[in-house]
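Input: a single structure, listed below in structure tokens.
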Amino acid sequence: MKIGILTSGGDCPGINATIRGVCKTAISHYGMEVYGIHNGFRGLMDEDITQLNEKSLTGLLNLGGTVLGTSREKPFRKKGISAGSNKPDIILNTIRKFGFDCIVCIGGNGTQKTAAELVASGVNVVSIPKTIDNDVWGTDVSFGFDSAVSIATDAIDRLHSTASSHQRVMVIEVMGHKAGWIALYSGMAGGGDIILLPELPFNIHHIGDAIINRLKKGKPYSIVVVAEGIPTLGGKKAAQYIAEEIEYETGFETRETVLGYIQRGGSPTAFDRILATRMGGHATELIAQGRFGQMVSLRGTDITSVPISEVAGKLKLVTEDDDLITQGRRMGICFG
Ligand code: F6P
């Protein structure tokens, strides 16, 4: 069999470990031919495709980013710059021309949507969820999330010591436009006092009260973890808006930190390396069995799969009844 593999959307720790998991299994266990498609779906438009071998797959396990390159190219997008384009035809021609028996698409929500379009066009596809945001529907966890949470938790730990030394409020903004998983998990792991997520409404007076109550209990500093996607006024960034509001509300000296792309770069955690390796291996197994149109997923501790058509267009968001939120509330953490 001849398979093509691509990575699409924002990068994250663990992509290279996944490429390695798919390709090494395909080449050494199943004797498949594997081709790397460069820069996401754009590589199928440009025919930017090279054969991978054992040598080109060396040194990938702990390497950040993606050796295949990535792009946010959405060839099936019906509006905007792609409207009326023949990109889908170009892509389908390339797949036919190279004689690919299956395309492996590694990516987040946008990628799963494009993968579903490819499936609907008759292409054999197996996809793997990839995002630090952990918002791909149909899997409990995607690789990249654990690494991002570790990085954010380390940053929160560091802010703790400077916050307590100066008796300040520290606001840290982490990634997550629509989903607050990174804020929730790093906030809880880092001992945040106030955690704000895009999914949960907040009231600035409650936040002010929480900070003043901490002072009354002899804790004259606070850590506020905010997801970048919380609603703000005047187009302000989340951390800036919340820091200004807190200072106005409480009179406490407040500082802000935006963690940014550090959360997406560098080496994956051991957990993500294992998850990436298992997911990559399972993707190849699905191909060998001819079970196409599936996205690999983690359910509990089991690696399984779900139809890509069920995943496309959905988002996995934090819900009010999440047990980590319940536990946080019981421990006095303010969620807004
Ligand atoms: O990968 C998801 C994500 O990290 C979001 O949390 C973030 O807002 C977004 O990507 C930004 O990515 P880019 O600037 O590459 O579009």
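Out of S147, S121, one residue alone is touching a Gly at 6+ places or on another chain (Cβ under 7 Å) and modelled with pLDDT of 95 or more. It is S147. List the residue pairs whose Cβ atoms are under 6 Å apart, where the first residue sits in the stretch 117-135 and is more than 10 Å from the ligand (Cβ to nearest atom), the second is open to solvent by 50 Å² or more (accessible area, probe 1.4 Å) and assigned to a helix (DSSP H, G or I), and the two are 6 or more positions apart or on different chains. Taking only residues 6 or more apart or on different chains, the pairs are V125/V119.
Residues that are open to solvent by less than 20 Å² (accessible area, probe 1.4 Å), modelled with pLDDT of 95 or more and under 24 Å from W137 (Cα atoms): list the strands (runs of 3 or more DSSP E) wholly contained in the stretch 178-271 that include at least 2 such residues. Don't jump to the end; show me each part of the working.
Numbers: elements: 194-196, 222-227, 254-258.
In the stretch 178-271, 194-196, 222-227 are the strands (runs of 3 or more DSSP E) which contain 2 or more residues that are open to solvent by less than 20 Å² (accessible area, probe 1.4 Å), modelled with pLDDT of 95 or more and under 24 Å from W137 (Cα atoms).
Go through the residues of the stretch 315-336 one by one and say whether even a single one is under 23 Å from N213 (Cα atoms) and assigned to a strand (DSSP E or B). Taking every residue of the stretch 315-336 in turn, at least one turns out to be under 23 Å from N213 (Cα atoms) and assigned to a strand (DSSP E or B). Of all residues in the stretch 10-36, those that are within 16 Å of the ligand (Cβ to nearest atom), among the small types (G, A, S) and surrounded by 23 or more Cβ atoms within 10 Å (Cβ to Cβ) total 1. Within the stretch 1-21, residues that are over 14 Å from H38 (Cα atoms) have Cβ atoms under 6 Å from residues that are away from the ligand (no atom under 12 Å from the Cβ) and of a type in the set (K, R) in these pairs: A17/R273, counting only partners at least 6 apart in sequence or on another chain.
Can you spot a residue in the stretch 66-77 that is farther than 27 Å from K316 by Cβ and touching a residue at least 12 places away in the same chain (Cβ under 8 Å)? Yes, the stretch 66-77 has at least one match.
In the stretch 294-312, the residues that are of a type in the set (D, E) never reach a residue that is assigned to a helix (DSSP H, G or I) with C-beta atoms less than 7 angstrom apart, at least six apart or across chains.
The values are calculated or read from the model by the stated rules, or taken from the named source; none is laboratory data. Predicted model only: the values in this text are computed from it and were never measured. Positions of Cβ are backbone-derived with ideal geometry, glycine not excepted, and every protein chain shown enters the neighbour counts. These area figures cover heavy atoms from the full protein model, side chains too; ligands, DNA and RNA do not enter into them. Shrake-Rupley method; radii C 1.70, N 1.55, O 1.52, S 1.80 Å.
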